[in-house]
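Here is the structure we will look at, set down as structure tokens.
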Amino acid sequence: MTEPTAERTTDHPGRTPEYPDYTVPGLSTEDGARVIALLASRLHALNDLSLTLKHIHWNVVGPHFIAVHEMLDPQTESVREMADAVAERISALGGVPWGTPGTLVAERDWQDYSVGRADAIAHLGALDLVLTGIVEDHRRARAEVASLDPVTEDLLLEQLRALEKFQWFVRAHLESCRGALSTAGARTEQQAAQEAATR
């Protein structure tokens, strides 16, 4: 096994379209490069989310174990399909989808999920924060591509519908009958987990 290099590079080929004069017909190479960059970020977020969902699936305990454990598997599969669709769109635009773990870690701007073995409701509190970040960033990317590429916008809209539904499922475990969210105001996963578990 080789020693890791001290310097990480994130300047991968394929961040701009490989086609000579265009990306897909009707989209300039410059606009295609911008869409590819936005999708690369979404690919990292979705790959990370699928791993986080599996981590939670393996580490939930407590009286809500089976409900949460079984709820997360279909969500994980759906998020993996979303990542695949994003990667294929990057390829269709003439880019190269980088889905390796090292690239994800080097290029992401967030930390690893921070909750280990914990009560299912605590995990859902932390997961709600994760999903909020994913949904907000997907919405920002959708807004930016809206004027550039309606095909990519449609892809992100479809994914947003599913992601927001997942968050609804998660929040249903964290809400009071009056709609008050037990983790409202939490800023970290640990804080959200603690507030969810002690409600």
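A few comments on the model shown:
- Figure legend. Inter-residue proximity from region 45-58: first residues modelled with pLDDT of 95 or more, second residues surrounded by fewer than 24 Cβ atoms within 10 Å (Cβ to Cβ) and small (Gly, Ala, Ser), beta-carbon distance below 7 Å, spacing 6+ or different chains. Indicated pairs: Leu46/Ala83; Asn47/Ala83; Asn47/Gly99; Ser50/Ala83.
- Only one of the listed residues (Ala193, Ala186) is open to solvent by less than 30 Å² (accessible area, probe 1.4 Å), assigned to a helix (DSSP H, G or I) and in contact (Cβ under 8 Å) with a residue 12 or more places away in the chain. That residue is Ala193.
Every residue, every condition in (1) on the phi > 0 side of the Ramachandran plot; (2) open to solvent by 40 Å² or more (accessible area, probe 1.4 Å); (3) not aromatic (Phe, Trp, Tyr), yes or no:
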site: His44; (1), (2), (3): no, no, yes
site: Val60; (1), (2), (3): no, no, yes
site: His64; (1), (2), (3): no, yes, yes
site: Ser78; (1), (2), (3): no, no, yes
site: Ala87; (1), (2), (3): no, no, yes
site: Ser91; (1), (2), (3): no, yes, yes
site: Gly94; (1), (2), (3): yes, no, yes
site: Thr100; (1), (2), (3): no, yes, yes
site: Val105; (1), (2), (3): no, yes, yes
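- Taken over region 83-129, the criterion of being over 26 Å from Thr183 (Cβ atoms), touching a residue at least 24 places away in the same chain (Cβ under 8 Å) and assigned to a loop (DSSP other than H, G, I, E, B) is satisfied by Leu93, Gly94, Gly95, Val96, Pro97, Trp98, Gly99.
- Qualifying positions in region 46-58 - open to solvent by 30 Å² or more (accessible area, probe 1.4 Å) and within 16 Å of Leu131 (Cβ to Cβ): Asn47, Leu51, Lys54, His55
- Per the conditions (1) closer than 26 Å to Ala143 by Cα; (2) among the hydrophobic types (A, V, I, L, M, F, W, C); (3) modelled with pLDDT of 90 or more, the sole criterion not satisfied by Val24 is (3).
- Within region 153-175, residues that are without any contact (Cβ under 8 Å) to a residue 12 or more places away in the chain reach partners that are of a type in the set (Gly, Ala, Ser) with beta carbons closer than 6 Å, at six or more positions or on different chains, in the pairs Glu153/Ala146.
The values are calculated or read from the model by the stated rules, or taken from the named source; none is laboratory data. Since the model is a prediction, treat every value here as computed from it, not as a measurement. No Cβ is skipped: glycine too gets one built from the backbone with ideal geometry, and neighbour counts run over all protein chains shown. Calculation scope for accessible area: heavy atoms of the full protein, side chains included, ligands and nucleic acids excluded. Shrake-Rupley method; radii C 1.70, N 1.55, O 1.52, S 1.80 Å.
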